[in-house]
Amino acid sequence: MKQMHLDDAAAVAKAKGGDEEAFRVLVDRHSRSIYRLAYRMTGRAEDAEDVVQDTFVRAYRQLSRFEERSNFATWLYRVGFNCAIDYMRSRPRREAAEAPDVLERRPEADRGPSLDDLVFAGEIGACIETALGSLSPQERAAFLMRHFHEYSIEEICAALDLKSNAAKHSIFRAVRKMRLALRPLMDTRLVKT
Amino acid sequence: MHTHPSDDDLILHAYGDCRPEVARGIDDHLEQCAQCTAVWTELRQTLQLVDAADVPEPDAGFERIVWARVQQELFAPRPARWSARQWLPIAGLAAAALVAMAVVTTHVDRQSASAATIARTGVDARGPERVLLTALDGHLEQAELLLVELLNAPDAPDRIELAFERASAEDLLSSGRLYRVTAHHQGDLRLARVLEDIEPVLVDLARSPDQVDRRSLQSLQSRIEDQALLFKVRTAVHEVRERQQDLITVSEGPL
């Protein structure tokens, strides 16, 4: 099927009127970025895929609340974070590491670094996942919003319905745990170099 | 700033969340205090390391799968159910025709291609395909059983127990995703497509409670019937078995 060429604003306007293909344009355009957000939140590919689905379903149902002058991607991120929080709260915490198929999914072009680098990157990922796993969904969302998506404290407060101090303390706790979790790796790296 | 900034102050500073006069005070202090500078450096390096954590990219058909799942949830019509009496004979005939076509074409094509490969290299390079087919055989058979059980679930007036089916769907879901990715990588798009088609139903079943009401069960049954999922899975099972047989024949070779 031929894809429509619409910018986000035009696609949202059509989708609000019930245009299915216009909404598909938005799904195709933003599903990977929402996946990255969801993966960082949940730490598992399967869960991330479920969160992506929940995000677009919720976004469609709440499309009438989206204000035309806002940025759709930013609004969708907020929906995504909240879906991820709800998803994590509704499921028992999982300790399992990433499924083996994740390594299979990485394209050949990404396999440039040395074995040492890959092992080190894997250790970082595992350490970060351990540290993130010890946070509540809300703390995790606040940290990821600030660190990876450069939300301001005010934006985090609005997205997560938090007071300013609560948002800051969520970030403080997350960073402290990151420092603890990553310190041994940093020492190892420094010794090697 | 005369006193040492706290760790929290440094975190806010690292993210640019301090007021300008506070930020200037921290910078001034860091120039004079080796102890705080060491903490600051370690904090910055930690935050840089966090950036190094990789997020795996989903495979090429990801957008299509997302759309199929979203479309099913938001836009799928709920037409009246076809009765098994209506669609089974059609599906049966179509299945027979498809299987017959698949058998003839795959047998001829694959036998000659494999024989040529082995003759050229002396090695059967189709080991990965054999592994995938063997795994898929069991997987699809289990999926077929699950779909049959769902279609034949007792039409109780109140709650219907689906704990076993739900657990089975969970198992199938995680393994199915792995096989789908593998099938994509091996260019086996037809099998990948079948796995994609059954995935939304497995997702919904895996996420449903152990007991569902009559309407939820009927909704699942309608989706299985409307999309001819049982037919697709059975056709795939036949194809996988034929291909396994072809591989065995080719590897044994002419005597």
In this structure, is B:Leu247 over 17 Å from the mean Cα position of the chain (by Cα) and on the phi < 0 side of the Ramachandran plot? yes
Would you be able to say whether some residue in the range B:41-62 is among the small types (Gly, Ala, Ser) and closer than 28 Å to B:Ser208 by Cα? yes
Selection from the range B:47-60 of residues that are buried (at least 16 other Cβ atoms within 10 Å of the Cβ) and over 26 Å from B:Arg177 (Cβ atoms): B:Leu47, B:Leu49, B:Val50
Residues located in the range B:1-13, provided they are surrounded by 17 or more Cβ atoms within 10 Å (Cβ to Cβ), in a helix (DSSP H, G or I) and touching a residue at least 12 places away in the same chain (Cβ under 8 Å): B:Asp9, B:Leu10, B:Ile11, B:His13
Would you please list the contacts, defined by Cβ atoms under 7 Å and residues six or more apart or on different chains, that run from a residue in the range B:51-71 that is within 7 Å of chain A (Cβ to nearest Cβ) and touching a residue at least 40 places away in the same chain (Cβ under 8 Å) to a residue that is crowded, with 19+ Cβ neighbours inside 10 Å and of a type in the set (A, V, I, L, M, F, W, C)? B:Asp59/B:Val181; B:Arg69/B:Val203
For the range A:44-60: of the residues being among the β-branched types (Val, Ile, Thr) and in contact with a Phe, Trp or Tyr (Cβ under 8 Å, 6 or more places away or on another chain), which is farthest from the other protein chains (Cβ to nearest Cβ)? A:Val51
Test of understanding: among B:Ala153, B:Ala143, B:Ala100, which residue is more than 14 Å from chain A (Cβ to nearest Cβ) and at pLDDT below 75? B:Ala100
For the structure I just gave you, tell me whether B:Arg207 is among the basic types (Lys, Arg) and closer than 20 Å to B:Ala236 by Cβ. no
If the Cβ limit is 9 Å and pairs must be 6+ apart or interchain, which residue in the range B:123-146 that is assigned by TED's automatic domain parsing to the domain that holds B:Arg234 pairs with which residue that is at pLDDT below 85 and surrounded by fewer than 13 Cβ atoms within 10 Å (Cβ to Cβ)? B:Arg130/B:Ile248
Go through the range A:146-164 and give me each residue that's within 11 Å of chain B (Cβ to nearest Cβ) and either surrounded by fewer than 22 Cβ atoms within 10 Å (Cβ to Cβ) or of a type in the set (A, V, I, L, M, F, W, C) (or both). A:His147, A:Phe148, A:Glu150, A:Ser152, A:Ile153, A:Glu154, A:Ile156, A:Ser164
Among the residues of the range B:18-46, the number that are outside any helix (DSSP H, G or I) and either touching a residue at least 12 places away in the same chain (Cβ under 8 Å) or surrounded by fewer than 17 Cβ atoms within 10 Å (Cβ to Cβ) (or both) is 2
Among the candidates A:Arg173, A:Arg179, single out the residue that is touching a Ser or Thr at 6+ places or on another chain (Cβ under 6 Å) and more than 21 Å from A:Arg36 (Cα to Cα). A:Arg179
Take the residues in the range A:10-43 that are among the basic types (Lys, Arg) and more than 10 Å from chain B (Cβ to nearest Cβ), then tell me which one is nearest to the chain's Cα centre (by Cα). A:Lys16
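The values are calculated or read from the model by the stated rules, or taken from the named source; none is laboratory data. For clarity, every value in this text was computed on a predicted model and none was experimentally measured. Cβ sites come from the backbone with ideal geometry, for glycine too, and all protein chains shown count toward neighbours.
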